[in-house]
Amino acid sequence: MYTVKGKADKNSLLTEHMPLVKRLAHHMKAKLPPSVEVDDLVQAGMIGLLDAINRYEDNHGAQFETYAVLRIRGAMLDELRSSDWMPRSTRQNMRKVESAMHELQQRLGRPPSESEVAKSLKLSLEDYQDILADSGGHQLLYYEDFHDDDGDGNFLDRYAVDDSDPLRGLMETDFRHAVIEAIDNLPPREKLLMGLYYEEELNLKEIGAVMGVSESRVSQLHTQAVARLRTTLREHIWTGPA
């Protein structure tokens, strides 16, 4: 049972942090395909917020908002996992895009333009951009990336030492520096977008206002930037540290 004061405090925390749930939902939505509704993320996030309120104690040694963000994001990710939001066919389409980018990059000695990638794929520019729009949420790493092409060995095994966290080990190697360098070598507009999204934490609508393009166009450019990064980092993903 809660005291009257306890109920009031919990209600106050709920009201105060509802905007946080919406902000996190819109930020996460930027990395997801159009089929994912932001309202579903908000609903899952509210469950996470309620869970945080019920579990939080002052002696946790952390500010409530810091604790709540972890619970809210966790609840949203659980919702996404249960709904299987990224079909395998979508990833396969993006791998075709990445292969075209890689071939063009090697031949041209620079990042290829959208038109050049579309032509390589024998697609119209509009159809290519439709693939980018449908593939919102394309990630830098997938579990499948952790397996070698011939099926022998496992990428994570090369980073798992003495029961350590292999992903953490990965980010503590030169892979992290390779990511930074790859972002720095993106075309200027995509580099700006990544900075606004990941450093300034603007949502797609806000980024669109800064860049003078639509929200959907920002989503396309974000997906394309991630594909460029995956293309650049492929050697690190498959061969591991030197």
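Filtering the range 206-236 down to residues that are of a type in the set (D, E, K, R) and without any contact (Cβ under 8 Å) to a residue 12 or more places away in the chain, which residue is most open to solvent (accessible area, probe 1.4 Å)?
235
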**Prompt:** Is it true that residue 133 is in the same structural domain as residue 39 (by the TED database), outside any loop (DSSP other than H, G, I, E, B), at pLDDT 85 or above and aliphatic (A, V, I, L, M)?
**Reply:** no
**Message:** Scan the range 9-25 and tell me whether some residue there is outside any helix (DSSP H, G or I), open to solvent by less than 80 Å² (accessible area, probe 1.4 Å) and modelled with pLDDT under 85.
**Reply:** no
**Message:** Please pick out the residue among 212, 195, 208, 153 that is small (Gly, Ala, Ser) and modelled with pLDDT under 80.
**Reply:** 153
**Message:** Out of 88, 107, I need the residue that is open to solvent by 70 Å² or more (accessible area, probe 1.4 Å) and at pLDDT below 90. Which one?
**Reply:** 88
**Prompt:** Checking residue 42 against (1) surrounded by fewer than 17 Cβ atoms within 10 Å (Cβ to Cβ); (2) modelled with pLDDT of 70 or more, which test does it fail?
**Reply:** (1)
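The values are calculated or read from the model by the stated rules, or taken from the named source; none is laboratory data. In this text, all values refer to a predicted model and were calculated from it rather than measured experimentally. So basically every Cβ, Gly included, is an ideal-geometry build from the backbone, and we count neighbours across all protein chains shown. The area values use the complete protein model at the heavy-atom level, side chains included, leaving out ligands, DNA and RNA. Shrake-Rupley method; radii C 1.70, N 1.55, O 1.52, S 1.80 Å.
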